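The values are calculated or read from the model by the stated rules, or taken from the named source; none is laboratory data. Every value quoted in this text rests on a predicted model; they were computed, and no experiment measured them. Cβ atoms come from the backbone with ideal geometry, glycine included; neighbour counts cover every protein chain shown. For the accessible areas, the whole protein counts, side chains as well, though only heavy atoms, and no ligand, DNA or RNA atoms are used. Shrake-Rupley method; radii C 1.70, N 1.55, O 1.52, S 1.80 Å.
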Amino acid sequence: MLAHRAPAPRAGPAPGPAGHARTPRPGQTRADAAMAESELQLVARRIRSFPDFPIPGVLFRDISPVLKDPDSFRACISLLASHLKKTHGGKIDYIAGLDSRGFLFGPSLAQELGVGCVLIRKQGKLPGPTVSASYTLEYGKAELEIQRDALEPGQKVVVVDDLLATGGTMRTACELLGQLQAEVLECVSLVELTSLKGREKLGTVPFFSLLQYE
């Protein structure tokens, strides 16, 4: 859910392009940096904020306009792919999409990188032999599953989701991939709620987000 509890529910300020430098990176021209900045702002303008949804005290970050606008969605995939290419080169074997909004980005990102996409789903959604890992919710527990033959030992994977909040689901996904002896190179998302410190739960696994909100 693209939401978080806010002390004073209100629409958040337009996010700055954190996650992408305003100045050129090593090996990046000023023209490339300017283009990345333009693409990032295109994505940022499509994120809407709804206070008191789904309950009072929660500020909901809505990515629906990003999906509705082909230019914005294309920019989102381009920026994530550009980061992964520069960081990992051709080392990535698969993108792992997290149930369910990670499925919106995983296949397109994998296609852009020329690799395959595997699905990490909630319990009971996948046929055949699976492995599972559980994580704690506010009221109880839930499980994630992946098909046992989805990956071979040593294959390198990047996990993608729409949002990083508390980090519990993404951390569980990493643990699940570890059961298959896959190597998680990095986790990425479109939006990060920094006040919830979800990236800290990922331990040594690198994390990257396009847009950050408090």
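One line per residue, one yes/no per condition, for (1) open to solvent by less than 20 Å² (accessible area, probe 1.4 Å); (2) among the basic types (Lys, Arg); (3) in contact with a strand residue (DSSP E or B) (Cβ under 6 Å, 6 or more places away or on another chain); (4) within 25 Å of SER82 (Cβ to Cβ):
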residue	(1), (2), (3), (4)
THR172	yes, no, yes, no
GLU175	no, no, yes, no
GLU186	yes, no, yes, yes
LEU193	yes, no, yes, yes
LYS197	no, yes, no, no
GLU200	no, no, no, no
THR204	no, no, no, yes
| task | Residue by residue through the range 122-167, note down the ones that are more than 27 Å from LEU196 (Cα to Cα) and either crowded, with 17+ Cβ neighbours inside 10 Å or touching a residue at least 40 places away in the same chain (Cβ under 8 Å) (or both). | result | LEU126, THR130, VAL131, GLN147, ALA150, LEU151, GLN155, LYS156
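Please count how many residues of the range 74-117 are open to solvent by less than 30 Å² (accessible area, probe 1.4 Å) and either assigned to a loop (DSSP other than H, G, I, E, B) or at pLDDT below 95 (or both). Can you show your working first?
Of the range 74-117, the ones open to solvent by less than 30 Å² (accessible area, probe 1.4 Å) are 75-77, 79-81, 83-84, 88, 92, 95-99, 102, 105-106, 109-110, 116.
From what's left, either assigned to a loop (DSSP other than H, G, I, E, B) or at pLDDT below 95 (or both): 92, 99.
Going through the range 74-117 one residue at a time, the tally reaches 2.
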